[in-house]
Amino acid sequence: MLNYIARRVGIMLLMIILVSTMIFFLFRAMPGDPTAFVVDPSMAPEARQVLIERYGLDGSLWDQYKVFIKDLVKFDLGNSFFYGRPVMKIITDRIPATLILMLTGMIIAYGIGVFGGALMAWKRGHKLESAGITIALIFRSAPTFWVALMSIILFSVNLKWFPAQGMRTSGYTGETFKEIFMNLDFLKHLILPSVVAGLYFIATPLLIMRNSMLEVLSEDYIEMARAKGLRENRILYKHAARNALLPVVTAGALFLGSAIGGMVLLETVFSWPGLGREIVQAVTRHDYPLAQGAFIIMSSLMMIMNLVADILYAVLDPRISYR
Amino acid sequence: MNLLEVKNLDIDYVTKEGNLKVVRDVSFTLKQGESVGLVGESGCGKTTLAKTIMRLLPDNGVISGGEINYKGENIVTKNKEEIRKLRLNEIAMISQSAMNSLNPVYTVGEQIIEGIRSHTNMSKKEAIKRAEEVFAIIGLEKKRLKSYPHQMSGGMKQRAIIAMALSLNPSLIIADEPTTALDVVVQDKILSQITEIQKQTKSSMIFITHDISIISELCETIIVMYGGKIMEKSSSKVFFKAPYHPYSLGLQNAFPSILDIDKGDLISIPGAPPNLMGELKGCRFKERCPFRTDKCMEELPELKEIGEDHQIACHYPERVDEFREESKKKETWQMVSDRIINESKGDA
Ligand SMILES: Nc1ncnc2c1ncn2[C@@H]1O[C@H](COP(=O)(O)OP(=O)(O)OP(=O)(O)O)[C@@H](O)[C@H]1O
Ligand SMILES: [Mg+2]
């Protein structure tokens, strides 16, 4: 098992370097002054010269790439034009907000989706089933930003239950993780965007769980579980749902990609100071080092989550061998 | 007292196209320790009947009439919890698809222990001990309890299922083609193990198979089903010497191992089983019976006593000698084949 994880981590690191390389060359393929991707054009000429040498900008693309990779290995993604601070620092500041929002959304979606999907299949033909499918599909196909805006209008503007945007009430400052994230104010800000995220995510676990459950319920081992005289609840949870979960985990891993895409929209609408919003801003501000760094980190995040899902799968399904 | 008494049992499958009258008016009894073999063509309702006795019919299956009295109590009217307590503990099934009957995500041991513990208040340790015991009986090493199903061969899985069925010493074992997927050698071994255990524990058994030669070895009684009805029920000794029903005679031709004639070619019964969907008139076997008369076309024959513990559903038990003679001839069945072809032309 450990061997398997180590190998998978190795492969993942290789993939990250590969993706970073692609991102690097994509950015360089854009028309315009190549130095502009690394060095802020508004700088004083002397300072620029120092940086041009630092990044090998007077050399070939290959030289620049070598510098880029060397820096990457040291987790150095350059300096942001806009903030004038290391990109890495800005990103690590933003990541917790994104992860918390995304994970809360995922927990809501998977919690409700998995149980709901299992129940829908168990009580096949019940009104609940078609209602559940319809609602899930509405929230999946409705534009996320629209749902987000509507929820803001309803719950923040009209009902005034939740704050409309941001992650804390203005004036509140916090430095440590605990001060920023572990308080009621943050929780209040979190509810609305995470519920919207959850609604957007829910179709995947709900529908896959339902289908996979229906499939599992017709398996011979379910009949066997009945023939053994197990109680219905035990059959539902220990046998049917347990096995139906496997494809949901796989689908969840594949779904992460689009989930991150959705986060960019949600963070923008809710002014949520996460990585997604930072990317959008970096692009509009022509803050290339930050945009490039954010892309690299985002794709790395995705790969890490994929790996987690794979490992989870291997733990859940004894038929997977860790070779 | 009879352990099991099935009385005038009717079972339907409700489908979009209509009701499939899969089992009709089936009655038989089973004494403590008796084993009965159930044979009949694929689709004649054997598995359905077996599942019904455990109340394991799928959602669209309904018991539309009759009684199943187990130890004097009617299973048909019992509630879910009462049924649950009967399963495995009293009536255990070795299912037709034993290969896929183990959940792939749990070890075999976990699955056996789960069954034991849902009917007794044994501790986990005691349950493991019991599982080891039944594994020993059926000839599996106890370390196999820790295996996942995918780590076992088909024969091992089959044995594990049998071990599970035996784990609580049930009074009735229903074995639905327990060895179809196995090679002949393993099959023989497992079969003799099953019967040995059954004899030892004095449990009764319903043994379903396509291979009627197995029944001659294993079962005291044989029931021949066709199109959802019992055609003949007899002690196997009598049956294998002298079957009565035209369908049984046809079956006998198809199995060389119990035949005393050596004609080389096997004669099979031409045609296909009846469609049980629409209105059913006359004898179920009429399309394929070489000896049918107008009466057979119109009137359903009742199951009649024709000897000691010997019943058949045919209008003409007295013509049996003639039937036996004729059914050995190829021409007899060739005639049926021609008739079927002609009739289908007539329909078209
Ligand atoms: N759930 C169901 N819904 C509708 N029809 C069914 C269902 N299950 C079985 N049948 C039909 O009922 C008939 C009897 O099926 P059953 O499985 O009892 O046959 P069998 O005698 O066990 O056959 P085999 O020897 O092939 O196992 C078949 O025609 C089958 O197609
Ligand atoms: Mg069957």
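For this structure, a couple of remarks:
- Within chain B, helices built from complete DSSP H runs that reach 24 Å or longer along their own axis (Cα positions) and carry a mean Kyte-Doolittle hydropathy of -1.0 or higher are B:184-201.
- Size of charge dipole - the stretch B:239-347 - debye, nearest 20, with Cβ of Lys, Arg +1 and Asp, Glu -1, no other charges: 280 debye
- Projected label points at A:LYS188 and A:LEU128, each 7 Å from Cα along the beta carbon direction, are separated by 3.5 nanometres.
- Full extension of the segment from B:SER235 to B:THR120, taken as 0.36 nm per residue of separation minus the current Cα-Cα distance, would add 37.7 nm.
- Calculated mean residue ellipticity at 222 nm for the protein assembly as shown: -17000 deg cm²/dmol, from DSSP H runs with n ≥ 4 weighted as -39500 (n - 2.57), summed, divided by the residue count and rounded to 500.
- Take the Cα of A:TRP146, step 7 Å toward its Cβ, do the same at A:ILE17, and the gap between the two points is 4.6 nm.
- Net charge dipole size for the protein assembly as shown [Lys, Arg +1 and Asp, Glu -1 on Cβ; Debye, nearest 20]: 1820 debye
- The stretch A:90-316 - charge dipole about Cα centre, Lys and Arg +1 at Cβ, Asp and Glu -1, debye rounded to 20: 680 debye
- Between 0 and 90°, nearest 10: helix A:2-29 axis offset from chain A longest Cα axis: 50 degrees
- Pairwise FRET efficiency - B:GLU133 versus B:LYS345, Cβ, R0 = 51 Å, nearest 0.05: 0.25
- Positive-end residue, the protein assembly as shown charge dipole about Cα centroid, Cβ charges, pick of B:ASN103, B:PHE323, B:MET205: B:ASN103
- Stretching B:THR180 away from B:ASP10 to a fully extended chain increases their span by 58.5 nm, per 0.36 nm per residue minus the current alpha-carbon distance.
- Calculated FRET efficiency for the pair B:GLU217/A:LEU312, C-beta based, R₀ 51 Å, to 0.05: 0.50
- For the options B:GLY45, B:GLY278, B:GLY139, a Gaussian network treatment of chain B with springs between C-alpha atoms closer than 10 Å singles out B:GLY278 as fluctuating the most.
- Inter-part distance where the stretch B:44-110 and the stretch A:54-125 are each reduced to a Cα centre, Å: 53 Å
- Whole-number percent relative contact order across the stretch A:90-316, with pairs defined as alpha carbons under 8 Å at least 6 apart: 30 percent
- In the protein assembly as shown, a dipole from Cβ-located charges (positive for Lys and Arg, negative for Asp and Glu) runs towards its positive end, and of A:TRP272, A:PHE82, A:TYR4 it is A:PHE82 whose Cα lies farthest in that direction.
- Angle in degrees between helix A:127-141 and the longest Cα principal axis of chain A, rounded to the nearest 10: 10 degrees
- Signed unit charges on C-beta, dipole axis of the stretch A:15-59, positive-most listed residue A:PRO45, A:ILE23, A:TYR55: A:ILE23
- Using a simple spin-label model with pseudo-atoms 7 Å out from Cα toward Cβ, A:ASN233 and A:SER300 lie 4.6 nm apart.
- Computed over chain A, Cα set: Rg, Dmax in Å: 23.6, 83
- Relative to the longest principal axis of the Cα atoms of chain A, the long axis of helix A:87-122 makes an angle of roughly 10 degrees.
- Residue of B:TYR316, B:TYR106, B:TYR148 that the Gaussian network model of chain B assigns the largest fluctuation, springs spanning Cα pairs under 10 Å: B:TYR106
- Whole-angstrom gap from the stretch B:189-215 to the stretch A:227-258, using each part's C-alpha centre: 36 Å
- Overall form of the stretch B:239-347 per C-alpha gyration tensor (a/c, 1.5; a/b vs b/c): oblate
- Highest-MSF residue in chain A out of A:PHE295, A:PHE81, A:PHE186 [GNM, Cα springs under 10 Å]: A:PHE186
- Take the Cβ atoms of A:MET1 and B:ASP309, set R0 to 45 Å, and the FRET efficiency comes out at 0.15.
- Linear extension gain, B:GLN200 paired with B:LEU280, 0.36 nm per residue minus alpha-carbon span: 24.4 nm
- For the stretch A:2-73, with all protein chains in place and a probe radius of 1.4 Å, 72% of the accessible heavy-atom surface sits on carbon or sulfur.
The values are calculated or read from the model by the stated rules, or taken from the named source; none is laboratory data. Every value quoted in this text rests on a predicted model; they were computed, and no experiment measured them. Neighbour counts are summed over all protein chains in view; Cβ atoms, including those assigned to glycine, are modelled from backbone coordinates with ideal geometry. Accessible surface is based on the protein model in full, side chains and every heavy atom, while ligands, DNA and RNA are left aside. Shrake-Rupley method; radii C 1.70, N 1.55, O 1.52, S 1.80 Å.
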